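Derivation of every value follows stated rules applied to the coordinates shown; laboratory data play no part. Please read all numbers here as calculations on a predicted model, not as lab measurements. We place every Cβ from the backbone using ideal geometry, glycine too, and count neighbours over all the protein chains shown.
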Amino acid sequence: MISDPWYQWAFRVMGKQAVQIRRPGKEDWERILEILETANFHHIGGREMPAFPLSDCFVAVADGRVIGVAGYRILDDTTAKTTLLAVDPEHRRDAVGAALQTARQDFLRGRGIKTLYTNADDERVIDWYIRRFGYRPTGKRIAKVEPFGRADKSEWINLKVTL
Ligand SMILES: CC(C)(COP(=O)(O)OP(=O)(O)OC[C@H]1O[C@@H](n2cnc3c(N)ncnc32)[C@H](O)[C@@H]1OP(=O)(O)O)[C@@H](O)C(=O)NCCC(=O)NCCS
């Protein structure tokens, strides 16, 4: 799927910046952590996010610089969960997040995944997943086990979409 030319071309977002979606390499890790930190998502290895393997991520790149990251975890043949999604605050609202979400959904659909779960703690982000990607709340709320994401939210809202 990643060799698909669609992901290789640099496409224009809002007429402002050329953004490429690609797989990260080890050399991107420090920058990825920097971006995750802007959302308080950088506590990798803790109980909320024990691992964030680069093999299961996409990054968005503009002018040779990583500006966003999105991960996933395959749970079984037809089920997956998103892990983390964050965009550099200086590049938000330019559809970079949508490009990353679309890339991971397309990849997972290509792998035969039918059901994708996502946990989110921000009302505007939850609304975005519902409006733009067709997610529905499952009704499940998951208590955070340590500080992660928004400091003022103690639980995750569980969402689900059929790919
Ligand atoms: C969620 C996130 C990745 C979106 O990235 P982005 O590049 O700005 O995404 P897009 O430009 O494609 O879409 C922006 C959408 O975010 C929504 N949004 C999310 N948080 C918002 C905020 N704080 N203020 C305004 N809009 C916000 C907007 O409604 C907008 O939707 P719209 O274009 O349909 O109106 C980015 O806001 C982010 O990094 N947030 C912090 C981390 C986070 O919550 N990640 C999701 C974990 S499940």
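Tabulated values for the structure
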item: Calculated over the chain: convex hull of Cα atoms, volume per residue (Å³); result: 113 Å³
item: Positive-end extreme of charge dipole, segment 5-162 - chosen from 54, 25, 100 (charges on Cβ); result: 100
item: Fraction of antiparallel bridges per DSSP, segment 5-162 only, in percent to nearest 5; result: 90 percent
item: Close Lys-Lys pairs in the chain, where close means Cα under 14 Å and separation is 8 or more or interchain; result: 5
item: Summed side-chain charge close to residue 151 - residues other than residue 151 whose Cβ falls under 12 Å, Lys, Arg +1, Asp, Glu -1; result: -1
item: Mean separation of Cα contacts under 8 Å, 6 or more apart, over the residue count of the chain: relative contact order %; result: 20 percent
item: Contour excess over end-to-end distance, with Cα ends at residue 152 and residue 26 and 0.36 nm allotted per residue; result: 42.1 nm
